[in-house]
Structures are given as C-alpha cells and as structure tokens.
1. Only one of these is over 41 Å from the mean Cα position of the chain (by Cα) and without any contact (Cβ under 8 Å) to a residue 24 or more places away in the chain: L189, L194. Name it.
2. Mind listing whichever residues of the stretch 185-223 are more than 17 Å from H152 (Cβ to Cβ) and of a type in the set (G, A, S)?
3. Inside the stretch 555-611, can you point out the residues that are closer than 16 Å to I533 by Cα and either assigned by TED's automatic domain parsing to the domain that holds L479 or not basic (K, R) (or both)?
4. What number of residues within the stretch 202-224 are farther than 15 Å from A186 by Cβ, surrounded by 13 or more Cβ atoms within 10 Å (Cβ to Cβ) and either in contact with a Pro (Cβ under 7 Å, 6 or more places away or on another chain) or free of Cβ contacts under 8 Å to residues at least 24 places away in the same chain (or both)?
5. Before we move on, is T529 hydroxyl-bearing (S, T, Y), farther than 30 Å from Q659 by Cα, modelled with pLDDT under 95 and out of contact with any Cys (no Cβ under 9 Å at 6 or more places or on another chain)?
6. Buried (at least 17 other Cβ atoms within 10 Å of the Cβ) and more than 30 Å from L608 (Cβ to Cβ), is that true of L494?
7. Would the stretch 96-109 turn up any residue that is out of contact with any Phe, Trp or Tyr (no Cβ under 9 Å at 6 or more places or on another chain), on the phi < 0 side of the Ramachandran plot and free of Cβ contacts under 8 Å to residues at least 12 places away in the same chain?
8. Condition first: out of contact with any Ser or Thr (no Cβ under 8 Å at 6 or more places or on another chain) and assigned to a helix (DSSP H, G or I). Can you find one or more residues in the stretch 386-393 that meet it?
Amino acid sequence: MNKGLQKLFFFLLLATIAAYSAHDISNLDVWYHLRCGQFILENFKIPQTNTFSYIAADRPSFNPYWLFQVLIYIVERLSGISGLIAVKIVVLIAAFFLLFRMRKKEDGCILPVSCLLLALMAANSRFIVRPELASYLLLCLYFYILHRYRSHKGNWIYILIPLQIIWANMHGFWVLGLFMVWAFLAGELILWKLPLPFEWKKEGAVRGKDYFRLLFIGLMVTTATLITPDPHKVLDLVLGMFAGLKGATGRGGPMAVNELISPFSADLLFSWQAILYYKVLLAVSAASFILNFRRLNVIHLFLYVGFLYISVQARRNMCAFALVSGPITFWNLGSFYRAYIERFLRDREQLVGRVRTVLSGGLILVMAFLIYDAASDRYHIRDRSNTRFGFGISKISYPEKAIDFIQKNNIQGNVFNNPAIGHYFTWRCFPERMVFLDGRFDLPDRFLSHYYVPELWPKISEKYNIDYVLLGHGRSPNLAGLTRMLYFNKDWALIYYDEMAVVFIRDVPENRQIVEKYQVRFDRMQDETVARIPCSNLFGLTDLPVAQFQLGNLYATLDLYHRAIKKYKECVDIFPDFWEARSNLGDMYRRLGRVEEAVEEYKMAVALKPDYAAGYVRLGNVYGAMRRFPQAIQAYKKALKRKPELAVAHNGLGLAYMQTKNYEEAARQFAITLKLNPLDAMAHRMLTYCKQVLRK
C-alpha cells in the first residue's frame, strides 16, 4: 500500500474520532467537577465534606478527582466550554494514535484502522468530559509503553511511576493500570518459566534483568498509588471502584444507574448503537483468538479476559474494553493472515491487489459515512441522546432559564431539587445558594433516596424547611408524581415552568407578592411558555422537537390532556418519525376515550420502533378496552417476543386469555407475572380465580 493511501486512512480515522468527540456538553457531572476545581484553586485545599449541599455540608466526602478538576477548571477559565471540548478531542485522538502506533508494519493500514474504527464506535458513548477521560488516555499510554518494552527494553519504562501518581489523583480507574502492569508481569513470567503448547512462545519473553526491572516497576507503581492527599482512603476507593466495575447500582439512588447496567440487559436505556458495535467487537475479537489459537499471546489473553469481564458487568466499561481489545484484535487477525492467508495468496498478486483496492475503497466510504452521520447529528438523534455536534452547552439538558428566573427574582431560602440538575445548580448558584441534592446521593437520611415519592414530601419539606422547589422534569421523567402533587397542593404555587423545569414556591404571606405576580393558572387559559422550534442544520436534518415533547409530558402530568395533545401533534408535525411522541399521543387519546385514534398512534409508534415492547403493551391495553381480545393477544405476544421478561405484558396477556375463556393459558401467564413480580396483587387474585375455574 502506498504511503499516500496510508496517510488518507490515518487522516480519516482521526477525523472520525474528532467527529464523535466534538459534541456539546450534556452530561451532569462536569459542573460539579468545574466547581470543585474552582474551590480548590481559590481555597488551596481539597474539600473534605459535601461542601455544596446545605443538608450534608458537614458530611465527610472523599474526592479522588481533584487534579482532573483543577485542570479542567483552568482550561474552562482560559478558553471556555469550547476549550474543554477541544481538549477532549485532543485527548481521544492521542489515545487512538497510541493504539495505531502499536500496529506491526507488515499489517499495513486496512486491518488496524478497521479494528480501531470498530473500537471507536463501541467506545464513543463515553466520550464525555469526566475524570474517566484521563483514564482512557493513560490506559492507552500504559498499553503502548508496556508493549514497546517487550521489544525495546530500556530505562524509559520508569515513566510509569510518575504516571501512576498522576492517575491516582485523577480517577479511580488507576486500578486498570495496575491490572495491566501485573498482567504483563504474569504473562512474561509464564512465557519465561513454563512450557507452552504450539507456537505460544514464538514471541520472545522479557527475561533476566529486564524482567526484574519490570517487576520493580510493578512494585513501585503499586506503591505510587498511595501518593495522594488521602492515602488512608485508597483501599476504600479500590473497593468502591471494584463495585462500580462489576456493575453495582447506585447505592441510595432511586433506581439502577444506567451506566452501571450490563450491556446485555434487556433494557437498552441509552447508547443502543454503541452497545450494538460493542457486541460486534466482542464477537470479532473473540473469533480472532480462535483463529490465532496456535500463536496465542498469553499476555493478550489475560488483558482481554479481564477487560471483557468488567465490560460485561457495566456499560461504562465498554470503552476500556474497546481500547484494549482493538489492537489485540488486529494483532490476532494479522498473525492469522500471515500464517495462512498470505501463503495462499503469494502467487495471486493481481487478485490480492483487487481485493485490497475494494477493501480500501469500502473502508474510506465507511469512514466518510460515519463522519457525516455524527456531524449531521443523525447518529445522536437515533440514540435519542441530548448530545449534538458542536462546541457549546446542550440547550436541552439543563434548567438554564429556570435558574435565570430564580436569580432575577432573588428567590431566597432553602431549595429542593432533584439530583439530575443538582450539579448544574451548584455551578450556577454557589456560594449564594446551596443545593439540596447535588447528584452524588451523599445523603444524611436514607429516606431521601426516594425523594421523588410524593408521600415523603411532608416529611422532607418539614424537616429541611423547604422554601421553594426546582424540578428538572425534562431530565428526570420519574418526577411526574411529585410535580403533580405540588401543582394540586394548596400550600404551594407554581410560579414558573418551561420545557425543562418547574419552580414552585411556598404560598405563605411573605411570598404573596411573587405568587400574585407569577403564579401559573392553566384554568385561566393564560399564554403558554414559548418553546424553541428546532431548525434544520447544515445537512438539512431537522432536530427532535424536544421542547414540545417535554412540555407535552408536563401537561399530561397535570391532566391538561388537550394541551398535551397539541404539543405532541407539534412534535410529529416537525419530526414525523418521533415514535415517543406518537406513543404519548396515543396515551392522551386513550385517556379521553378516543380509542380508535389511540390505536392508530400506537401502530405508528411500533412501526417506527419495531423493538418497542412497551408500545405493543399499550396497543394490547387499548385493544382490550375495545374488547378486541384476539388483537390484544397478538399485541402482547409481540411485546414478549421483544422482551420476554416484561411482567406487564404477561399480565395483560393473562387478562386477554381470561376474556376468551382460555383459563389454562391465562393461569400460566399470571404465574409468570408473579414469578417476575411477586408483589402483583391483581395477578395473585386472577391466578386464584383461574385455578378455581379449572378445578370445576
């Protein structure tokens, strides 16, 4: 392959990395890290308590990210949010550049670039400004340094010691760096001392003084981990990080944390495209070991199994697996090609040239398409992500206007907020205002882990003397019950709402002036809030009408069905393939008794999203209400085909079978429902009834 084509491949690979890295800030944690960085620089100390939350301000808190926080705050002060995104792009390009440099010259470019491209697509959901960003670069750097040590030896391996000190003060994934070092040590020892089958020893091991130098480095790197402001807390951090690597759910949180759910979970809550690429990478990488079994590299096997294990446990670990498995895969496939395929093709140069030309052209087209897919936002919109290509702050992720309203009207007192917007509130308002929940669930009371349950509100508001409430309903759909309760509670007044957030204030005499000026009364038909209409981008794609959709959800929560229908209709007029809006529109029609219209919207929703199991359940429910039980049964079966452990579908199917007098099958479905959800009282009653009928 000529050098010009190699440079083109390399350039397109870097351009693809940049395209999937150059997106606006939409994650939650970045604001907490920026505010911590500012606090550290201004006070010359690392906060040892939950400094930003007034309910837990004195509660001990361990901060292992302090160095990363200081660095990104400096970048933000010097170059703004755009600078943060630019640094992220540079870091990720540097990481993949190191992996690309690990290829063997005889492998050319097609195979390494293809494997790294697949790794990139599996990893890109974690291309965000969080401390793990530093871990990904350091992980690739460790891999590169250790890989080169096998062939070049030398004293430059000592650089791992200061790198480990830096890593230990940036992010808890430094445990992965230690694992990589000791995996190399274990593999080299096996290659040196043990007899191995086939050609497993074909690649020379690090022996003698070179091995003992590496062993010394391993011991020093392990010790360097303790060079932190809180060395006595390192063990706690390791245990906590190990729990996270294994996919533990967020302790104290209201639900499982999405990023800690297995990629093989039936609930593809986010980043389903990255999960698909991850599964393809897993299949290809595993196959590469099988194909190259006779020349297996023990070190690569140790690394692969270790990173595969943590990736299967939690989605956030897919990126680390991708970065390690990418080069291992092209090494395995390259070795297999040279041992078998190259020998066969040695006398067929013309055929080889044609195949290489076709593969080169195909790879170029694939990368060009991927760049376009990301830059046009088609990739992000398919994923229903808040991320958009660009260098700013997401317009659909944070309650910016609601906080503007609070600051402009100088609303004072204790705020209550949901955790999803806590870090952003801290960035915007601290130290003038302290947050209630900052997103870390470092809570003084266990009942606060269920902050969203309306029945707990009297206890929370009384104990913490809540003066006003800021709920980011656009970021936390589970807030519907609490929002509804506050809206219909005479002691509270809704004084602000938009597509992202609502603000309630206690309706007491000292707040009378602001209540009279701003209270929202939908029954008086006042003007609605202005919702941003999405525009077409440079590639002609109209963005999702998120503002209209989230306003529709708010109106539905407050029983304002006609207003909700209007917003959902705006959604599908702007973006006809918006299946979520069609499904919710069907819900509104069903609640108003317009069942035929509901059926049509549900049908369109599942046609647009064939794997939408909940959509088939909704369709089955409305068919059941229309007493069209055969159609209801078919709808429930389609839901279960896509998600076999969906308890509500089994329950609905059981009810439909009861109506068709098929009590035996109905009993079976209720039994499955109870196996999945033992607390379902109605399923208990229906199962008992079916058994009584069958005994007669």
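The values are calculated or read from the model by the stated rules, or taken from the named source; none is laboratory data. Owing to the predicted nature of the structure, the values given are computational and were not obtained by experimental measurement. Cβ atoms come from the backbone with ideal geometry, glycine included; neighbour counts cover every protein chain shown.
1. On the way: L189 fails: over 41 Å from the mean Cα position of the chain (by Cα).
The conditions single out L194.
2. Scanning the stretch 185-223 gives A186, G187, G218.
3. Applying the first criterion (closer than 16 Å to I533 by Cα) to the stretch 555-611 yields 566-576, 578, 581.
Within the stretch 555-611, Y568, E570, C571, V572, D573, I574, F575, P576, F578, A581 qualify.
4. 1
5. Numbers: hydroxyl-bearing (S, T, Y): yes; farther than 30 Å from Q659 by Cα: yes; modelled with pLDDT under 95: yes; out of contact with any Cys (no Cβ under 9 Å at 6 or more places or on another chain): yes.
Taking the combined requirement at face value, the residue satisfies it.
6. Working: buried (at least 17 other Cβ atoms within 10 Å of the Cβ): yes; more than 30 Å from L608 (Cβ to Cβ): yes.
Spelling it out, L494 is indeed buried (at least 17 other Cβ atoms within 10 Å of the Cβ) and more than 30 Å from L608 (Cβ to Cβ).
7. Yes, because at least one residue in the stretch 96-109 is out of contact with any Phe, Trp or Tyr (no Cβ under 9 Å at 6 or more places or on another chain), on the phi < 0 side of the Ramachandran plot and free of Cβ contacts under 8 Å to residues at least 12 places away in the same chain.
8. Within the stretch 386-393 (the criterion being out of contact with any Ser or Thr (no Cβ under 8 Å at 6 or more places or on another chain) and assigned to a helix (DSSP H, G or I)), the answer is no, since none of the residues qualifies.
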